Each structure stands twice: as C-alpha cells, then as structure tokens.
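Read the structure below first, then the notes.
The values are calculated or read from the model by the stated rules, or taken from the named source; none is laboratory data. As the structure is a computational prediction, the values presented were derived from the model and not from experiment. Positions of Cβ are generated from backbone atoms using ideal geometry, with glycine treated the same way; all protein chains shown enter the neighbour counts. Ligands, DNA and RNA are excluded from the accessible area calculation, which covers all protein heavy atoms including side chains. Shrake-Rupley method; radii C 1.70, N 1.55, O 1.52, S 1.80 Å.
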Amino acid sequence: MERVPILKLGDILIVSIQIDLDDQSVLALQEDLADRVVSSGARGVIIDITAVEIVDSFIGRMLSTIAAMTRMLDAETVVVGMRPAVAITLVELGLSLGGVRTALNLEKGVAALEHVRGTAG
Amino acid sequence: MNGPTEMPIATNGDVVLVRQKVRGLAAEIGLSLVDQTKIVTAASELARNALVHAGGGRVHIEVLHGARRPGLRLVFSDEGPGIPDLEQALTEGWSTGGGLGLGLSGSRRLVDEFDLVSAPGEGTRVTVTKWAR
Ligand SMILES: Nc1ncnc2c1ncn2[C@@H]1O[C@H](COP(=O)(O)OP(=O)(O)OP(=O)(O)O)[C@@H](O)[C@H]1O
Ligand SMILES: [Mg+2]
C-alpha cells in the first residue's frame, strides 16, 4: 500500500497526489488526513490533483468525503489542479462533486483559504 | 506487437495495472487526451465492479483496426453472481453495495459502444469500445 505524504504549511495541510493510488491507499489517505486535521488543529486542507490522470467514482467519493469530514472537524478543503480532461470525464460519468470547493492551482487554493489562516487558537 | 492481452483482476493493485495498460494503449492508437481519460475511467469502474461485486475476474484487451480508424476494445468478464435486472443495474444511482451507482451507467456514457451480458448464476460480461476520431 502507498502512503501519501501530508505536508503542513502554517494552518494548512497540503496533500499532493503523485501516483496512481489503489483503493486501499485512497481509504488510508482519508483516515490519515482526518487524524492529521485533529492532531494539528489545521483549519484548511489542500488536495493537489495536478498529477492525477483520472478521477473515477472511488476517488470522486474520497474527495467528497474528505470535504465533508474536514468541515465537521472545523477545517475547509479545497481541491486544486484538476485537469480539463478529468473535469469533462467526471461530468459525463455523473459525478458533480457537489460540496467540494475547487481552485485552478495551488496558489489560488492557498488564496481561497486565506481567511482561515492564522486564526487557529 | 499489439496482440490481444488478458489481465487478471484479483486485487486492488490489478485495477491499477489495468488502468495503466489501457492508458498506454489508448495513447498509442492516438485517442485524444479526453478520450484516453474517458476509456481509462470506464476501465477503472468496470475492473472495480468485477473485483467488488464478483470477487474478481479478468479483462481482455484488444486494439481494433477499423477501416478508417483504430479503436480499443475491453471485455471485462467474471464468474460472479451475475446481475438479475440489467435495466436496474444501468440506472444511475442504483447500487447494491452502498456505492454511488455510477460505475455502469457512467461507463456507458464514456464509451462509443457498450454491451452488458449477465444473468443470475452465469457471471457478467461487459464489453466497451472507444474509437479514435
Ligand atoms: N460484475 C458484476 N457482477 C455482479 N453484479 C454487478 C457487477 N457489476 C455491477 N453489478 C451490480 O450492478 C450495480 C450497479 O453497478 P455500478 O457500478 O453502477 O454501481 P456500484 O458499483 O454499486 O457503485 P459505484 O460504481 O458508483 O461505486 C452494483 O451495485 C451491483 O449490484
Ligand atoms: Mg461500480
């Protein structure tokens, strides 16, 4: 199983998915991230999928779950870097990723979380 | 060089290998980036279905040499429980496994040709084809 590294930048956790993850690894990432949000008190999470070639229903569900889960843990998730071909395919597949905030790239993702930075007590 | 290939689908890792193989061939026959992404996504859904709903299966992968353009055909088959009601299984949002119920209906939209053969006790076979444009 592959473990995806979770980086911390101030109040934000950053996850950059660089390899084709099997389903077990996807679930592990979900759990690792929940633990890290709580242990670090992070207020924002950025998931960078720039390198991800496909998002199927399983990965799509992971993104929605992480967004919902972090919300309950008082943090906000932004998914950044979705490729155009992935977006087109997701819509056709029938996944709208409702409730998942997105930004075009890492820089815009960080900007979108500006309001939560430095507010952690 | 590009003769038909058969790959097992017995583990989560196999699903990853199937995605990578399909991606490689789709690029090789000249599918557009969007079409590559669509067929790989469909392959991922159908491979996972064979694994999750049937306990495993296999995929037969073939490059087609059409009169005017090449294509890629994937045949996913398993000896699992089969699907009693095909129309229901193809309905968006219908799932027996707590899934989103998008795999079959979504895959059908992502490919050019889609064929589902299944009956209780007789396993399942899903054939999908994507043609280069
Ligand atoms: N290979 C198979 N063998 C037996 N039943 C299957 C097979 N593939 C699909 N099914 C049945 O068809 C239903 C719909 O499949 P579909 O892929 O659309 O949704 P899902 O796998 O339940 O959820 P999702 O793919 O969105 O995570 C499944 O819940 C299952 O009952
Ligand atoms: Mg499925």
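How big is the convex hull of the Cα atoms of the stretch B:66-121, per residue, in Å³? Write out the running numbers ahead of the final one.
On the way: hull volume 5.5 nm³, N = 56.
Convex hull of Cα atoms, per residue: 98 Å³.
Of B:33, B:10, B:116, which is farthest on the positive side of the dipole of chain B, counting Cα position, with +1 on Lys and Arg Cβ, -1 on Asp and Glu Cβ, and the Cα centre as origin?
Projecting each Cα onto the dipole axis, the largest value belongs to B:33.
Hey, what did the stretch B:5-131 get for relative contact order, percent, Cα under 8 Å, at least 6 apart? Can you show the working numbers first?
Values: 251 pairs, mean separation 32.6, N = 127.
Dividing the mean separation by the residue count of the stretch B:5-131 yields 26 percent.
Quick check: net charge around residue B:4, other residues with Cβ under 11 Å of its Cβ, Lys/Arg +1 and Asp/Glu -1? Don't jump to the answer; show the numbers that get you there.
Working: positive: B:73; negative: B:6, B:62.
Net local charge, residue B:4 excluded: -1.
Alpha carbons only, please: Rg and Dmax for the protein assembly as shown, in angstrom.
19.3, 67
Whole percent per 10 Å bin, from 0 to the bin with the longest distance: what is P(r) over all C-alpha pairs of the stretch A:6-120?
Bins of 10 Å from zero give 14, 51, 31, 4 percent of pairs.
If the only charges are +1 at each Lys and Arg Cβ and -1 at each Asp and Glu Cβ, what is the size of the charge dipole of the protein assembly as shown around the Cα centre, to the nearest 20 debye? If you can, show how the numbers build up before the last one.
Values: 24 positive and 31 negative charges, 131 e Å.
Dipole of the protein assembly as shown, to the nearest 20 debye: 640 debye.
Loop-only check: which trypsin sites (Lys or Arg not before Pro) in the stretch A:1-50 are DSSP coil with at most 14 other Cβ within 10 angstrom? Let's see the in-between values first.
Values: sites: A:3, A:8, A:36, A:43; in loops: A:3, A:43.
Those satisfying the criteria are A:3.
Between the stretch A:3-48 and the stretch B:48-120, how far is it from one alpha carbon centroid to the other, in angstrom?
Computed from Cα coordinates, the inter-centre distance equals 32 Å.
If the cut-off is a Cα-Cα distance under 30 Å, which lysines reach residue A:108, setting aside same-chain residues fewer than 8 apart in sequence?
Those lysines meeting the cut-off are A:8, B:38.
Counting other Cβ atoms within 10 Å, which trypsin sites (Lys or Arg not before Pro) in the stretch B:1-91 have at most 12 and lie in a DSSP loop?
On the way: sites: B:19, B:21, B:23, B:38, B:48, B:58, B:68, B:73; in loops: B:68.
Counting only loop positions with at most 12 other Cβ atoms within 10 Å, the trypsin sites (Lys or Arg not before Pro) in the stretch B:1-91 are B:68.
Suppose every K and R has +1 on its Cβ and every D and E has -1 on its Cβ; what is the size of the dipole of the stretch A:6-120 about the Cα centre, in Debye to the nearest 20? Walk me through the intermediate numbers first.
On the way: 9 positive and 15 negative charges, 85 e Å.
Result for the stretch A:6-120 is approximately 400 debye, rounded to the nearest 20.
With all protein chains present, calculate the accessible area of residue B:53 using a 1.4 Å probe and round the result to the nearest 10 Å².
90
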